[in-house]
Amino acid sequence: MGKQSDSWGSRTGLILAMAGNAVGLGNFLRFPVQAVQNGGGAFIIPYLVCFVLMGIPLLFTEWSIGRFGGKHGNHSTPYILDSMSKSSWWKYIGVFGIFTNVAVVAYYTYIESWTFIYVIHTVLGTFTQMSQADVSGFFVHYVNLSGSNFGIPFLPVLVYVLVLGINIYILSTGLGGIEKVAKIGMPLLIIFGAVLAFKGWTMGAENASPSFPNANAWDGINFLWTPQYSSLLDPKVWLAAAGQIFFTLSVGMGSIQCYASYLKENEDLALNSLTSGFTNELVEIVLGSAIVIPIAAGFLGLDWVIENAGFGMAFQTMPYLFVQWGEVFGAIAGICWFGLLFFAGITSSLAMGTPWMGFMQDEFGWGKAKGALSFGVLALVMGLPTILFYQYGYFDEYDYWAGTVSLVVFALLEMILFTWVFGMDKGWSELNRGADIRIPVAYKWIMKYITPILLLLVLTAALITPQGNDWAGAISGLVNGGGWELDSGSLISKVSHEELKLLLINDPENALVYTNKIFFSSLARIQLVALFLFIAGLVWYSGVKRKSLSHE
């Protein structure tokens with residue numbers, strides 16, 4: 001059994017580290033895109049409802065589970081979950097809490113490395129003479145390993161290894177190092193975000209041009225903040241909102257439980273978890289919504305934004321727009337934007353390293369340096385193919401299975417464990433022990449019934465998404481005796497590559513591209529399954545070790 005050698009230095013450090021874990025690239029890259037694709041103001045109401053009914057209960061649950069496990073000397077989800085039930089198979093459910101972090105950090109660090117190299121390009125003025133198409137093409141060449149690399153072959157791989165190395169170094173210094181980074185990184189992130197958000201709020205129509213005469217930043221802001229009640233009946237919007245809550249709060253991953261396992265026995269959970277959750281929401285809603293969408297709308301008009309909203313906008317559009325503000329402020333804006341993304345990324349990726357390190361320390365007595373290094377090697381083995389085969393969808397497969405599906409499955413199972421197996425009464429007293437605030441008693445009921453039902457609905461809806469996401473049509477079709485046509489984006493269709501097979505039929509000219517994508521997607525899945533089984537094997541072996549020690 002590993003002894004508890006690490007703990008948080010201060011409450012501020014803990015809350016900033018937890019908020020840093022939650023405040024990630026999703027706040028600035030994923031949230032605005034999800035909001036635009038789901039009707040702007042139409043998205044915000046379901047999003048806030050999901051935060052109250054799913055986000056907060058999951059935060060309460062994961063902080064409670066973590067502190068409870070830590071009290072028994074466990075700092076990783078397999079044994080944290082194991083300590084809450086008499087059944088020994090819960091520790092294998094806990095494998096998700098290590099697997100997800102390793103699989104996500106593998107490609108997440110790659111995005112971090114883009115932000116890192118883009119800060120350098122901004123300082124060097126790489127984008128100053130480029131057209132919008134050139135800036136967009138620059139990114140495509142970089143990720144496809146076909147240029148934009150200072151003439152250094154495989155530069156993206158080198159930058160990735162460098163950024164991963166920074167992560168490993170900080171991880172090897174333990175919670176103290178993570179706390180230091182959070183205390184510096186989080187305030188800087190908020191300052192950088194505030195500079196850009198202020199610009200987004202005050203731009204108005206001053207950057208309208210002959211090509212985009214109707215460009216106005218306020219259109220972007222109004223689009224996001226004008227409520228549209230029609231969406232409340234659209235399951236697609238609810239699904240997207242629930243998915244974003246997961247992403248943004250880092251729930252269903254195992255890193256919150258790991259951080260919370262280093263809390264003292266009577267340290268407040270209720271206020272701490274709410275503070276870190278609300279800090280994240282504040283950053284996402286106030287800063288996340290005020291940067292990409294308004295600034296892009298201010299230059300290119302809202303119609304362009306709605307048509308082109310996508311994850312790549314941050315790298316393919318923003319550098320071009322910043323240059324339009326002139327050399328000096330353009331460079332400042334670029335450094336703020338990519339610096340902000342880098343800090344958002346690194347505070348999250350550091351959290352992803354702790355469950356593996358906690359597990360290796362507890363079960364095999366590995367120290368911080370050995371734990372951090374082994375995590376780095378594992379992330380590298382998982383991550384290299386996402387760079388080398390980026391254009392074949394390797395990255396997307398990781399993101400879908402490890403970064404999306406896995407989170408919902410794990411969150412649902414741990415919610416059942418906490419409220420039904422461990423018991424809601426015991427869970428409630430665990431959550432309230434040492435609490436500085438009174439949690440409304442309604443949450444006892446929400447956590448036991450509403451949250452698990454919502455999670456089950458999210459999972460079921462993803463499994464059987466109907467054709468074109470048309471739920472009303474599919475249900476009435478079923479009632480009238482018709483079949484249920486699955487959408488190619490549904491989980492069931494994804495398993496058999498329906499989306500790619502459809503493209504293969506409809507676009508025979510690019511058959512080779514889709515055949516390659518199917519091959520590499522399958523390879524990515526095999527690699528993910530292998531990782532899961534490898535961690536499950538370690539958990540099994542550690543269980544055998546524990547048994548033999550207890551018999552001695």
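Between the helical axis of 406-416 and the dominant principal axis of the chain, each derived from Cα atoms, what acute angle in degrees is found, rounded to the nearest 10?
Computed tilt is about 40 degrees.
In Å², and per residue, what accessible area does the stretch 408-519 have when probed at 1.4 Å with the other protein chains present?
55 Å²
Non-local amide H neighbours of Leu486 (under 5 Å, H modeled in plane, Pro and chain starts lacking H): which ones?
Gln467
Hey, got the dipole for the stretch 356-499? About the Cα centre, +1 on K and R Cβ, -1 on D and E Cβ, debye to the nearest 20?
Taking the Cα centre of the stretch 356-499 as origin, the dipole is about 680 debye.
With a 1.4 Å probe and every protein chain left in place, work out the accessible area per residue of the stretch 335-391 in Å², rounded to a whole number.
Using a 1.4 Å probe on heavy atoms only, each residue of the stretch 335-391 averages 27 Å².
Under the rule of -39500 (n - 2.57) per DSSP H run of 4 or more residues, summed and divided by the residues of the chain, what mean residue ellipticity at 222 nm is obtained, to the nearest 500 deg cm²/dmol?
Using -39500 (n - 2.57) per qualifying helix, the result is -21500 deg cm²/dmol.
Towards the positive end of the charge dipole of the stretch 88-222, with charges on Cβ (+1 Lys, Arg; -1 Asp, Glu), say which of Thr173, Asn216, Met186 has the farthest Cα.
Value: Thr173.
Can you tell me the orientation of helix 270-282 relative to the chain, as the angle in degrees between its alpha-carbon axis and the longest Cα principal axis, to the nearest 10?
Between the helix axis and the principal axis of the chain, the angle is about 10 degrees.
Would you mind checking the pairs Lys264/Lys444; Lys91/Lys183; Lys91/Lys236 and listing those with alpha carbons more than 28 angstrom apart? All intermediate terms of the calculation are to be shown ahead of the outcome.
Values: Lys264/Lys444 24 Å; Lys91/Lys183 33 Å; Lys91/Lys236 33 Å.
With Cα atoms farther than 28 Å apart: Lys91/Lys183; Lys91/Lys236.
For the chain, which whole percent of the accessible surface, found with a 1.4 angstrom probe, sits on carbon and sulfur atoms? Mind dumping the intermediate values first?
Numbers: 14340 of 21410 Å².
With neighbouring chains kept in place, the figure for the chain is 67 percent.
Give me the angle, in degrees from 0 to 90, between the Cα long axis of helix 132-143 and the longest principal axis of the Cα atoms of the chain, rounded to the nearest 10.
Relative to the chain, helix 132-143 is tipped by roughly 40 degrees.
To the nearest 20 Debye, how big is the dipole of the chain about its Cα centre, given +1 on the beta carbon of each Lys and Arg and -1 on that of each Asp and Glu?
Computed about the Cα centre, the dipole is about 1680 debye.
Ranked from highest to lowest mean number of other Cβ atoms within 10 Å per residue, what is the order of the peptides 73-83, 537-547? Provide the component values of the computation, followed by the final result.
Working: 73-83: 27.1, 537-547: 14.5.
Those peptides, ordered most packed to least, come out 73-83, 537-547.
When only DSSP loop residues count, what trypsin sites (Lys or Arg not before Pro) in the stretch 430-514 have their Cβ near at most 15 other Cβ atoms within 10 Å?
Arg438
For a quick check of your reading of the filter: which trypsin sites (Lys or Arg not before Pro) in the stretch 53-119 sit in a DSSP loop and have no more than 15 other Cβ atoms within 10 Å?
Loop-located and lightly packed - Lys86.
Rank-order 39-51, 126-138 by packing density, defined as the average count of other C-beta atoms within 10 Å over each peptide's residues, highest first.
Peptide ranking by packing, descending: 39-51, 126-138.
Sorted by packing (mean other beta-carbon atoms within 10 Å per residue), highest first, where do 313-325, 476-488, 364-376 land?
Highest-to-lowest ranking by the protection proxy: 313-325, 364-376, 476-488.
Which entries of Lys86/Lys370; Lys86/Lys426; Lys448/Lys547; Lys71/Lys426 have Cα-Cα distances beyond 23 Å here?
Flagged as over cut-off: Lys86/Lys370; Lys448/Lys547.
What whole-number distance in Å separates the alpha-carbon centres of the stretch 311-352 and the stretch 31-80?
Measuring centre to centre over Cα atoms gives 26 Å.
Hey, which aspartates and glutamates would be in cross-link range of Lys545, C-alpha to C-alpha under 14 Å, not counting anything within fewer than 8 residues on its own chain?
Asp362, Glu363
The values are calculated or read from the model by the stated rules, or taken from the named source; none is laboratory data. Quick caveat: nothing in here was measured; it's all calculated off a predicted structure. All Cβ positions, even for glycine, are placed from backbone atoms using ideal geometry, and neighbour counts span all protein chains on display. For the accessible areas, the whole protein counts, side chains as well, though only heavy atoms, and no ligand, DNA or RNA atoms are used. Shrake-Rupley method; radii C 1.70, N 1.55, O 1.52, S 1.80 Å.
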